[in-house]
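**Q** Below is the structure I would like to discuss, written out as structure tokens.
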Amino acid sequence: MTEHPEAPEDPVDVIIGQWAEVRPDLDTAGMEVFGRVFRLARAMGDRMEQAYARFGISRGEFDALATLRRSGEPFTLSPRQLSATLMLTTGGMTGRLDKLERAGLLRRSPDPHDRRGLQVTLTDRGLELIDEAVGAGLTAQTEALASLDPERAALLAGLLRDLLVGTER
């Protein structure tokens, strides 16, 4: 078990300690990292849901709106491009787009370059909402990082990037 001198014990430390007692032969280094990553993802997922709920959207709906916003003006993508970016099936994307369109946050229109295609565009209301929601989400993330000084937060971000790149190869 690795310890940081001023860090209090967390639930993962307890689990690692239990495994050390009953199976001292196990290498639990991966469990130390991924147990915390999974717990952080769940805790932050809940916080992000709360941040976005104030705007009447879920995390999945936020992702669709944010993808359109990040695409730059005119904030338009095809449903296929959205599906690929969000790793959703076309059926899952259709349901999400239906709900967002009913809420007036985006509109679907024929693609002028493909008679069979559609394009999805943020409405002015959707643009305003996503700009507010992304700010609220970043505030929640900044608050969560407040327990780390900026140098340690940057180190953690770099280490997680290295780990992600290594696991996605």
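The values are calculated or read from the model by the stated rules, or taken from the named source; none is laboratory data. Predicted model, so just to flag it, every value in this text is computed and none were measured. Glycine gets a Cβ as well: all are built from the backbone with ideal geometry, and neighbour counts include every protein chain shown. Heavy atoms of the whole protein, side chains included, go into the accessibility calculation; ligands, DNA and RNA do not. Shrake-Rupley method; radii C 1.70, N 1.55, O 1.52, S 1.80 Å.
**Q** Are any residues in segment 11-45 surrounded by 11 or more Cβ atoms within 10 Å (Cβ to Cβ) and of a type in the set (Asp, Glu), and if so, which ones?
**A** Across segment 11-45, the qualifying residues are Asp13, Glu32.
**Q** Look at segment 98-112 and say how many of its residues are over 17 Å from Gly126 (Cβ atoms) and assigned to a loop (DSSP other than H, G, I, E, B).
**A** 1
**Q** A further question follows. So which residues in segment 57-76 are of a type outside the set (S, T, N, Q) and open to solvent by 30 Å² or more (accessible area, probe 1.4 Å), if there are any at all?
**A** Selection gives Arg59, Asp63, Arg69, Arg70, Glu73, Pro74.
**Q** Regarding segment 79-100, can at least one residue be identified that is open to solvent by 20 Å² or more (accessible area, probe 1.4 Å), under 17 Å from the mean Cα position of the chain (by Cα), closer than 27 Å to Leu145 by Cα and at pLDDT 95 or above?
**A** No, segment 79-100 has no match at all.
**Q** Among the residues of segment 123-158, which ones are surrounded by 12 or more Cβ atoms within 10 Å (Cβ to Cβ), of a type in the set (S, T, N, Q) and farther than 14 Å from Tyr52 by Cβ?
**A** Thr123
**Q** Restricting the first residue to segment 69-93 and requiring it to be at positive phi, which pairs with a second residue that is not in a helix (DSSP H, G or I) meet a Cβ separation below 8 Å and a spacing of at least six or different chains?
**A** Every condition considered, the pairs that remain are Phe75/Thr121; Phe75/Leu122.
**Q** Is it true that Leu65 is farther than 30 Å from Gln18 by Cα and not hydroxyl-bearing (Ser, Thr, Tyr)?
**A** Answer is yes for this residue.
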